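Presented below is the structure to which this report refers.
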Amino acid sequence: MNSVHNSVDNKKDIARKQAAYAAVEEHLLNCQTIGVGSGRTMVHVIDRIAELIRQRGWSVRCIPTSYQAKQLILERGLRLFELEHCDEELDWSVDSADEVDSELNLIKGGGGCLLQEKIVDTAAHTLVIVCDESKYSVQFGHKWKGGIPLEVVPMAWSLVKRRVECQFGGSALLRESLGKLGPVVTDNGNFILDWHFDQQHNWEARRDRDRPVHSAGIENLRWQYGRLSEPLGA
Ligand SMILES: O=C[C@H](O)[C@H](O)[C@H](O)COP(=O)(O)O
């Protein structure tokens, strides 16, 4: 049983790596400022960025979207840059997703990194999302079963939970930590609610009507979904 799981994981990782390498080779140029996303896929992305920069003697400024991204940038000897010191639009940002549906809607934040991703990714001219085939879904929420992650200020989590459940149905569950007792605490000191929505949700109607809805305490602004301009996958 374990060897079956290992071989599936291996195949997924090979697909992730192929997609990551293709994305970097297509978009990376000398003297760019780029956003660097978080997650397993990003390990391959950063590896390829580091290789190309070394081979070509390029200089590229990398703005992290999480503590993990920052560590990877430093470990691979890339040039770390901070968003607060950046006075122009980023050339592009590269990230992964937990699910991409047929209309290119994304679910992100499964790994607990979402607020900084959203800030950095939306500061870029182009957002390139790198996904292996296992992330593609015909209908929103059919592949990723973890719900839509919402980053919330700790004192507001039960308020936000009630509001989300009352207004939109489903259940918003406080994400528990596996490594310590209590909730997951994000890089920003916040909690995460995973909103398990009703599969019959009318997303088209919601998209416009609920866009301006902000609930006090939700830090990632809206549901953690956004539209892609270009899909890239293996
Ligand atoms: O919270 C994490 C980020 O949103 C990731 O981009 C997302 O979870 C996908 O990560 P992975 O490449 O590990 O599947």
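The values are calculated or read from the model by the stated rules, or taken from the named source; none is laboratory data. Please read these numbers as outputs of a predicted model, since none were measured by experiment. When we count neighbours, we look across all protein chains shown, and the Cβ atoms used for this are built from the backbone with ideal geometry, even at glycine.
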| task | May I ask you to verify whether ALA69 is within 16 Å of the ligand (Cβ to nearest atom) and within 14 Å of VAL128 (Cβ to Cβ)? | result | no
| message | Can you find, within region 32-42, the residue that is nearest to the ligand (Cβ to nearest atom) among those that are buried (at least 19 other Cβ atoms within 10 Å of the Cβ) and over 12 Å from VAL128 (Cβ atoms)? | response | GLY39
| How many residues are within 16 Å of the ligand (Cβ to nearest atom) and within 17 Å of ARG54 (Cα to Cα) if we restrict to region 21-31? | 2
| query | For region 120-130, how many residues are aliphatic (A, V, I, L, M), more than 13 Å from the ligand (Cβ to nearest atom) and not in a loop (DSSP other than H, G, I, E, B)? | reply | 1
| query | under 16 Å from the mean Cα position of the chain (by Cα), under 22 Å from VAL24 (Cβ atoms), basic (Lys, Arg) and surrounded by 15 or more Cβ atoms within 10 Å (Cβ to Cβ) - does that describe any residue in region 129-149? | reply | yes
| request: Could you please find all residues in region 89-100 being of a type outside the set (A, V, I, L, M, F, W, C) and within 15 Å of the ligand (Cβ to nearest atom)? | output: SER93, ASP95, SER96, ASP98, GLU99
| Restricting the first residue to region 41-53 and requiring it to be farther than 13 Å from GLU75 by Cα, which pairs with a second residue that is within 16 Å of the ligand (Cβ to nearest atom) and not in a helix (DSSP H, G or I) meet a Cβ separation below 6 Å and a spacing of at least six or different chains? | THR41/SER96; THR41/VAL130; VAL45/VAL94
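Pick out the one residue from LEU181, LEU174 that is surrounded by 15 or more Cβ atoms within 10 Å (Cβ to Cβ), modelled with pLDDT of 95 or more and farther than 19 Å from LYS118 by Cβ. Show your work before the answer.
On the way: LEU181 fails: surrounded by 15 or more Cβ atoms within 10 Å (Cβ to Cβ).
One residue alone meets the criteria, LEU174.
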| query | Would you say ALA124 is touching a strand residue (DSSP E or B) at 6+ places or on another chain (Cβ under 7 Å), within 30 Å of ILE49 (Cα to Cα) and among the small types (Gly, Ala, Ser)? | reply | yes
| said: Looking at GLU133, GLU103, GLU165, GLU151, can you tell me which residue is under 21 Å from ALA19 (Cα atoms) and either within 15 Å of the ligand (Cβ to nearest atom) or not assigned by TED's automatic domain parsing to the domain that holds ARG48 (or both)? | reply: GLU133
| message | Checking HIS5 against (1) assigned to a helix (DSSP H, G or I); (2) out of contact with any Pro (no Cβ under 9 Å at 6 or more places or on another chain); (3) away from the ligand (no atom under 13 Å from the Cβ); (4) modelled with pLDDT of 95 or more: exactly one of these is not met. Which one? | response | (4)
